[in-house]
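The values are calculated or read from the model by the stated rules, or taken from the named source; none is laboratory data. From a predicted model like this one, the values you see are computed outputs, not experimental measurements. As a convention, Cβ positions derive from the backbone with ideal geometry for all residues, glycine included, and neighbour counts pool all protein chains shown.
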Amino acid sequence: MIETDEIDRKILRILVRDARKSSKAIGEDLGLSQPAVWRRIRRLKDSGVILGQRLRLDREKLGLGVMVFLGVKLAAKGRGSIESFERAVSAIPEVLSVEHVLGLYDYRLKVVARDIPDFERVLRRRIMTLPGAGQVEANVLLSEERKYGPL
Amino acid sequence: MLDDVDRRILRQFQAAPEMSVADLAERCSLTTASCWRRLEKLESSGAILGHEAVVDWQALGFGVEVSLRITLDKTQSSAFDDFLAKARDVPEVLEVQTFLGRVDVRLLVIARDMGHYQDVYRSQILSLPHIADIEALMHIARLKSDEVLPI
């Protein structure tokens, strides 16, 4: 963990909205010189606060109309079964994220599909056949808002 | 609609969002000018929404991440709207999602440590309107989070 001040957080607030904004333009917004902004961004990257950038796409416009969150419980919990489950689930292209959680389920998966029949195909052929997968609960996403957090 | 060239561009660009248009064009076997034109079109159609910096909240000192799965008291017709409007105002809430399934709403909450989480939970989450039930899943590890869409 590194110490960040108000200026670092202002820079982060700008970059989470537009990662391509130049340090010159950020400097103009915040009343700082371009090199000063550049140095701060460098430090945030080097210390791992900024992990990189991501392309934001509208999945519905790209024909992926369905997003489902799956809670998965493992049927058998040996070290071997956990590892083979994690490896196999992470390799499925329709699975966008895999989180190991503590609570009602062991894993939380985010799955995209073109439509409900396509989701059913992914569920039956890919998820249900995973090694060690037990009970699965599905919740279909209706709306999603992402916030920028306490910056 | 997307054609194969658009798909190729989006696949390559998702894999390396920091790439320049010239590099992207080369990887897709296109001229820089035609790649640029296609990107323009993808942006103006809203398929590409932008670039965002990915922030590691742990590196910023937010070590606790909890998924709260909330069931609302739906006997009141305004339950969803009231709840969402208030949940949006909690700075520690990173994601607000609504579902069709066993869970109505999910909030992703971050906190500095368990003490801070306890504080956010008691003073800001429990006071949100129309909550019938809450289940918590504590995040232990993220095994896959590239969020790359299978295009």
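Does residue B:23 satisfy the criteria of being at pLDDT below 95 and in a helix (DSSP H, G or I)? Answer is no for this residue.
Select from segment B:71-114 the residues that are surrounded by fewer than 21 Cβ atoms within 10 Å (Cβ to Cβ) and either outside the structural domain of residue B:126 (by TED's automatic domain parsing) or among the basic types (Lys, Arg) (or both) and write down the one among them that is nearest to the chain's Cα centre (by Cα). It comes out as B:88.
Just to be sure, is residue A:114 within 12 Å of chain B (Cβ to nearest Cβ), touching a strand residue (DSSP E or B) at 6+ places or on another chain (Cβ under 9 Å) and among the basic types (Lys, Arg)? Yes: the conditions hold for residue A:114.
Inside segment B:92-110, can you point out the residues that are outside any strand (DSSP E or B) and either of a type in the set (Phe, Trp, Tyr) or at the interface with chain A (Cβ under 7 Å from one of its Cβ atoms) (or both)?
B:92, B:101, B:102, B:103
The requirement of being among the charged types (D, E, K, R), surrounded by 18 or more Cβ atoms within 10 Å (Cβ to Cβ) and more than 11 Å from chain A (Cβ to nearest Cβ) is satisfied by residue B:38. Residue check: residue B:69 meets all listed conditions (1) of a type in the set (D, E, K, R); (2) free of Cβ contacts under 8 Å to residues at least 60 places away in the same chain; (3) out of contact with any Pro (no Cβ under 9 Å at 6 or more places or on another chain); (4) at negative phi but one, namely (2).
For every residue, the table says whether it meets (1) under 27 Å from residue A:48 (Cβ atoms); (2) more than 7 Å from chain A (Cβ to nearest Cβ); (3) of a type in the set (D, E, K, R).
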residue: B:53; (1), (2), (3): yes, no, no
residue: B:58; (1), (2), (3): yes, yes, no
residue: B:71; (1), (2), (3): no, yes, no
residue: B:82; (1), (2), (3): no, yes, yes
residue: B:112; (1), (2), (3): yes, yes, yes
residue: B:119; (1), (2), (3): yes, yes, yes
residue: B:128; (1), (2), (3): no, yes, no
residue: B:151; (1), (2), (3): no, no, no
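Close contacts from segment B:106-126, counting a first residue that is among the acidic types (Asp, Glu) and a second that is assigned to a strand (DSSP E or B), with Cβ to Cβ under 8 Å and a gap of 6+ residues or different chains, come to B:113/B:64; B:119/B:111.
Residues in segment A:110-151 that are charged (D, E, K, R) and under 30 Å from residue A:9 (Cα atoms): 5 in all.
Scanning segment A:118-149 for residues that are at the interface with another protein chain (Cβ under 7 Å from one of its Cβ atoms) and of a type in the set (Gly, Ala, Ser) yields A:138, A:143, A:149.
How about segment A:101-120: which of its residues are over 15 Å from the mean Cα position of the chain (by Cα), at negative phi and not in a helix (DSSP H, G or I)? Result: A:102, A:104, A:105, A:106, A:113, A:114, A:115.
Residues are listed down the side, and each one gets a yes or a no for (1) among the β-branched types (Val, Ile, Thr); (2) farther than 27 Å from residue B:143 by Cα; (3) buried (at least 19 other Cβ atoms within 10 Å of the Cβ); (4) in contact with a strand residue (DSSP E or B) (Cβ under 9 Å, 6 or more places away or on another chain):
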{"site": "A:13", "(1), (2), (3), (4)": "no, no, no, no"}
{"site": "A:19", "(1), (2), (3), (4)": "no, no, yes, yes"}
{"site": "A:26", "(1), (2), (3), (4)": "yes, yes, yes, no"}
{"site": "A:47", "(1), (2), (3), (4)": "no, no, no, no"}
{"site": "A:84", "(1), (2), (3), (4)": "no, no, no, no"}
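Residue check: is residue B:134 more than 17 Å from the chain's Cα centre (by Cα), surrounded by fewer than 19 Cβ atoms within 10 Å (Cβ to Cβ), of a type in the set (Val, Ile, Thr) and within 7 Å of another protein chain (Cβ to nearest Cβ)?
no
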